[in-house]
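Worksheet: the structure to be examined is printed underneath.
The values are calculated or read from the model by the stated rules, or taken from the named source; none is laboratory data. Treat the numbers as computed from the prediction; the structure is a model and nothing was measured. Note that we place each Cβ from the backbone using ideal geometry, even for glycine, and neighbour counts take in every protein chain shown.
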Amino acid sequence: MLVSHHQELRIGGAIVAINEQTKTNAGEKTKLIKEGNELEAFARSLGADIYGVAAAEAFKEFPKKPQPSKFVPDAKSVVVIGMSFTPELFATVAKPELAEVSRKGAEDAALEGKHLGRPPAGAERFFINDEQAMLTNEVVKIGYKISWKLHREGYEAFYFAPFRQEARFRTAAFYFTPAMYLAGIGQMGLNCSILTPEYGPRIWVTTVITNKELPVGQPIGPTYYEGCKDCLECVKRCPSTSLDGKGWKNVFRCASYGCCGTCLSVCPVGSA
């Protein structure tokens, strides 16, 4: 009987231990969610329209891309924050005639009779260049302030300037597209941009890599947006024919044309 009682206590003790561990895990999870909500509220108070978090570990799904641990060795979270373009302004990219810009004679001579239907240089981006510059400043400020909030909490944080590429090979130090997909912000479109349900591809983002664990999102669907294959409007309307309709873009050809943004402007996702 004494042995039997001892075994019962051991079993009971194990159950109590499991229950206490469950309470601890629940408490940690509650704290994690609370701190995640606080950070999102902070980002949105600074003007962020886009917010999401990807687990740093999940970037192994994209092994050929630079990993978060390259910047923060014990990275746990990649925070994505961004702002949207004004819809009416971005729509003008596909309506370059609104800019009332005339082609110079030197341009006609350079074209040598070819592609004379091409809009004058700068016409497509006439109305959005200034807004893009403003969004870059605003998004960088948000990234900076989030980084310092994390620093004050005792964590490391590394943020980037939006869309900075190496000029020769058109590569980037870190790619935001995988982060956005993994955070559940949107899916890849055949215009090689993330399509968000709210704004389509017409957003400007940056990321903050940190060793603070935060609640993370999950992809909202397959890597590629299912509606693209029945649309292809971006492929048809690309003035530099840089898109192959299979998810690949000739970045050199796109850059040589000035990265006009027509493929983003004509995308119907998020325009309703």
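Odds and ends about this structure:
- Condition met for residue 200 (on the phi > 0 side of the Ramachandran plot and either buried (at least 22 other Cβ atoms within 10 Å of the Cβ) or modelled with pLDDT of 95 or more (or both)): yes
- Among the residues of the stretch 120-149, those identified as surrounded by 15 or more Cβ atoms within 10 Å (Cβ to Cβ) and either on the phi > 0 side of the Ramachandran plot or within 15 Å of the chain's Cα centre (by Cα) (or both) are 135, 136, 139, 140, 142, 143.
- Residues of the stretch 70-102 that are within 27 Å of residue 46 (Cβ to Cβ) and of a type in the set (Ser, Thr, Tyr): 77, 84, 86.
- Of all residues in the stretch 258-272 being buried (at least 17 other Cβ atoms within 10 Å of the Cβ) and out of contact with any strand residue (DSSP E or B) (no Cβ under 6 Å at 6 or more places or on another chain), the one that is modelled with the lowest pLDDT: 259
- Counted residues, the stretch 114-141 - those being basic (Lys, Arg) and either at pLDDT 95 or above or touching a Gly at 6+ places or on another chain (Cβ under 8 Å) (or both): 2
- Tally, over the stretch 242-272, of residues that are assigned to a loop (DSSP other than H, G, I, E, B) and in contact (Cβ under 8 Å) with a residue 12 or more places away in the chain: 14
- The set of residues in the stretch 35-77 being assigned to a strand (DSSP E or B) and without any contact (Cβ under 8 Å) to a residue 60 or more places away in the chain consists of 51 alone.
- Residue list for the stretch 229-248, filter: in contact with a strand residue (DSSP E or B) (Cβ under 7 Å, 6 or more places away or on another chain) and closer than 18 Å to residue 200 by Cα: 234, 235, 243, 247
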